[in-house]
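Here is the structure we will look at.
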Amino acid sequence: MTLPEVRRPAFRIDESVPFQWQPANPTFGIFGNVFTFLAIAFERYIVSAVREAAGRITDPDVTAEADVFLKQEAQHARAHYHHAKALIARYPGLADTLAAANAAYDELLEREPLEFHLAYIADLEATFTPLFKMVLDHRGPLFAGGDERVGTLFLWHFVEEIEHRSSALVVQRHVTPDRWYRLRVAPKVFAHVTRQYGQILAGIDENVPVADSVVPAHTASPNRLWLPELAARTPFVRRRRGPESATTMLHHVPGRDLRRMIGRLTRSPLPRHDPAHEPLPAWVDEWHAAYRSGDDVTTYAGARL
């Protein structure tokens, strides 16, 4: 077993970071900001649940996997907190948005059993490899032109999510051998995370003027992403929609890549699915090489964008 590595890049995020860090693709900028707030709450949840599971792990290899998994996720939460803190300094009402996301996961911890928490984490983590592969495979048009202080934070996080892609599943299967459990609770899991995502969007729309966000936050809602993105690539629909279809968040991503990603997302909670066997973005190796060579991965040049 090759364990992930704990890294602590010194991202230079401060209150000068604009809310809309990606004006070249403002919907992706919104998506990234929502991800920051959701990541903080979700990763706190991960740490709490996996620590609770520690007493039920009897395999030393699983213990080692869980330990590095937690350390990486704790670093992610710390880095995203600095980003959220910078945004809250400009828009104080976003503090309530972050508090509500944290409270939602705290309430979930109290309400559901450990088995559910581990399945929730494994279900969501299983979606990250196909999602972030698509993002990293098409990183240029998504990140270029954006504030690299924020962009490199996301690149680092996405690389490490792919690195520890099976860690949550390893822990979940050790504690809950029933392979069908993840699938049974998947509707409840994804309904919960979708609800938190939507509440963060609403908090942004309430607290950040459109003049600063460039586009309304709800343009990054799930029902305005995947299906409209696919529809925009259908010739008949594209002719009816006109040129605005070229302004969607993923307008540069070929339809076949979107279809593959959605197919893999759909299969991710199935009993035999293991992210270890997912195709990976080749660029991840370039990022690792840059980090090992001492390049400054908090810059686009150093991260080899």
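The values are calculated or read from the model by the stated rules, or taken from the named source; none is laboratory data. Note that this is a predicted model, so its numbers are computed, not measured. Ideal geometry is used to build each Cβ from the backbone, glycine not excepted, and the neighbour counts take in all protein chains shown.
Each row is one residue, and each column tells you yes or no for (1) surrounded by 24 or more Cβ atoms within 10 Å (Cβ to Cβ); (2) within 13 Å of the chain's Cα centre (by Cα).
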{"residue": "Ser16", "(1), (2)": "no, no"}
{"residue": "Phe19", "(1), (2)": "no, no"}
{"residue": "Ala24", "(1), (2)": "no, no"}
{"residue": "Phe28", "(1), (2)": "no, yes"}
{"residue": "Phe35", "(1), (2)": "no, yes"}
{"residue": "Leu38", "(1), (2)": "no, yes"}
{"residue": "Ile46", "(1), (2)": "yes, no"}
{"residue": "Glu52", "(1), (2)": "no, no"}
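Name, by its number, the condition in (1) exposed (fewer than 14 other Cβ atoms within 10 Å of the Cβ); (2) modelled with pLDDT under 95 that does not hold for Thr248. Of the numbered conditions (1) exposed (fewer than 14 other Cβ atoms within 10 Å of the Cβ); (2) modelled with pLDDT under 95, the odd one out for Thr248 is (1). Scanning segment 163-194 for residues that are over 21 Å from Asp274 (Cα atoms) and without any contact (Cβ under 8 Å) to a residue 60 or more places away in the chain returns Ala191, Thr194.
The single residue among Leu108, Leu87 that is under 20 Å from the mean Cα position of the chain (by Cα) and either at pLDDT below 95 or crowded, with 22+ Cβ neighbours inside 10 Å (or both) turns out to be Leu87. Taking segment 147-160 as the range and being outside any loop (DSSP other than H, G, I, E, B) and touching a residue at least 40 places away in the same chain (Cβ under 8 Å) as the test, the residues that pass are Glu148, Arg149, Val150, Gly151, Thr152, Leu153, Phe154, Leu155, Trp156, His157, Val159, Glu160. Within segment 248-287, being in contact (Cβ under 8 Å) with a residue 40 or more places away in the chain, under 20 Å from Pro222 (Cβ atoms) and part of a helix (DSSP H, G or I) holds for Asp257, Leu258, Arg260, Met261, Arg264, Leu265.
For segment 86-106, the criterion of being assigned to a helix (DSSP H, G or I), in contact with a helix residue (DSSP H, G or I) (Cβ under 7 Å, 6 or more places away or on another chain), within 24 Å of Thr176 (Cβ to Cβ) and not small (Gly, Ala, Ser) is met by at least one residue.
Screening Glu115, Glu206, Glu125 for residues that are of a type in the set (D, E, K, R), modelled with pLDDT of 95 or more and touching a helix residue (DSSP H, G or I) at 6+ places or on another chain (Cβ under 6 Å) leaves exactly one candidate, Glu125.
Within segment 246-270, being of a type in the set (Val, Ile, Thr) and closer than 27 Å to Gly146 by Cα holds for Thr247, Thr248, Val253, Ile262.
A single entry from Arg224, Arg238, Arg233 fulfils the requirement of being more than 30 Å from Trp180 (Cα to Cα), modelled with pLDDT under 95 and touching a Ser or Thr at 6+ places or on another chain (Cβ under 6 Å): Arg238.
Put simply, of Asp106, Asp123, Asp96 the only residue that is touching a Gly at 6+ places or on another chain (Cβ under 8 Å) and more than 21 Å from Gln22 (Cα to Cα) is Asp96. When segment 116-146 is filtered for residues that are outside any helix (DSSP H, G or I) and among the hydrophobic types (A, V, I, L, M, F, W, C), only Ala144 remains. Note on segment 56-77: residues that are of a type in the set (A, V, I, L, M, F, W, C) and within 18 Å of the chain's Cα centre (by Cα) amount to 4. One residue stands out among those in segment 254-305 that are acidic (Asp, Glu) and under 18 Å from Val135 (Cβ atoms): the one that is nearest to the chain's Cα centre (by Cα), which is Glu278. Out of curiosity, is Asp212 in contact with a His (Cβ under 8 Å, 6 or more places away or on another chain), part of a helix (DSSP H, G or I) and at pLDDT 85 or above? Taking the combined requirement at face value, the residue does not satisfy it.
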